[in-house]
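Before any comments, here is the structure.
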Amino acid sequence: MKKHVGKILFFFFILIVGLNQSEAQENINDDLEQIESLVQKMFSSMNNRDFDALVEMTHPKVFEILPKATMKSAIKTMFEGNEDYSIELSKVIPKYKLSQIFKSNEDNLEYAFVSFNMDMKMTFHKQKFNEESKEMMIPMMKAQGMDVKFISNNTLSVLKRDSVTIILKDDTTNNEWVMVNYNPDSPLFYQILPTSLMEKAKEYNQNLMLESKKNSEN
């Protein structure tokens, strides 16, 4: 009798564990679909220059520091340039790499990283470069992760390698997926994200750079 009871209890234990694992996998798949959808929308909005959509996808804590109008103007400048220079981005959805979903108990936090290369042309309106200036500028931009080639004396073809965008949700986003560009040089970046995420983002970015270097050496 005890053997039968033990078998029944064991059966129910396996059943419960299996159901929990199945439910957890369904949740992960659902989150991955939502992240994939946001990433596609992000690239589509970039290609269509839909700056309002990009603002709405941005982490809401940004707007506790910067008004939405200021943020929209900054995004517009980033994608189009200003009176000193203009930027022409390739209107394609680049090949991108999506990480696994990471979880933290901090503010019920979940996040993932999307990395991609960006092709663009940059034209300077008030400046032209001679050969000496070109030779100086190429390694300077290389140090910032950009491979450049001069098309003319004031226009460059630029490949920005391993750009990283963080996709996250937590209590501060009302459990909705939002995005933040990885920019460790910006004070804003440190004000809106928890330390655990910033450390993971730094590690992820360093691994990307190491992988790129290995590939270039092969």
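The values are calculated or read from the model by the stated rules, or taken from the named source; none is laboratory data. What you are looking at is a predicted structure, and each value in this text was computed from that prediction instead of being measured. For neighbour counting, all protein chains shown are included, and Cβ atoms are generated from backbone atoms with ideal geometry for every residue, glycine included. Note: accessible area is taken over every heavy atom of the protein model, side chains too, but ligands, DNA and RNA are not part of it. Shrake-Rupley method; radii C 1.70, N 1.55, O 1.52, S 1.80 Å.
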Q: Identify, from the list 143, 112, the residue that is modelled with pLDDT under 90 and within 20 Å of residue 207 (Cβ to Cβ).
A: 143
Q) If we scan the stretch 148-156, do we find a residue that is more than 30 Å from residue 63 (Cβ to Cβ) and among the small types (Gly, Ala, Ser)? A) yes
Q.
Anything in the stretch 112-145 that is within 28 Å of the chain's Cα centre (by Cα), farther than 30 Å from residue 35 by Cα, of a type outside the set (A, V, I, L, M, F, W, C) and open to solvent by 90 Å² or more (accessible area, probe 1.4 Å)? List them, or say none.
A. 142
Q.
For the stretch 129-163, give me each residue that is free of Cβ contacts under 8 Å to residues at least 60 places away in the same chain and in a loop (DSSP other than H, G, I, E, B).
A. 129, 130, 143, 144, 151, 152, 153, 154
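Table: residues versus (1) touching a His at 6+ places or on another chain (Cβ under 6 Å); (2) open to solvent by less than 40 Å² (accessible area, probe 1.4 Å); (3) among the polar types (S, T, N, Q); (4) more than 30 Å from residue 88 (Cα to Cα).
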| position | (1), (2), (3), (4) |
| --- | --- |
| 155 | no, yes, yes, no |
| 158 | no, yes, no, no |
| 166 | no, yes, no, no |
| 183 | no, no, yes, no |
| 187 | no, no, no, no |
Q | Members of the stretch 29-69 that are of a type in the set (Lys, Arg), at negative phi and open to solvent by less than 60 Å² (accessible area, probe 1.4 Å) | A | 61
Q: Could you tell me which numbered condition residue 203 fails, if it satisfies all but one of (1) modelled with pLDDT of 90 or more; (2) touching a Leu at 6+ places or on another chain (Cβ under 9 Å); (3) open to solvent by 40 Å² or more (accessible area, probe 1.4 Å); (4) charged (D, E, K, R)?
A: (2)
Q. Is it fair to say residue 179 is of a type in the set (A, V, I, L, M) and part of a helix (DSSP H, G or I)?
A. no
Q. Looking at (1) farther than 18 Å from residue 90 by Cβ; (2) open to solvent by less than 60 Å² (accessible area, probe 1.4 Å), which is the only condition residue 148 fails?
A. (1)
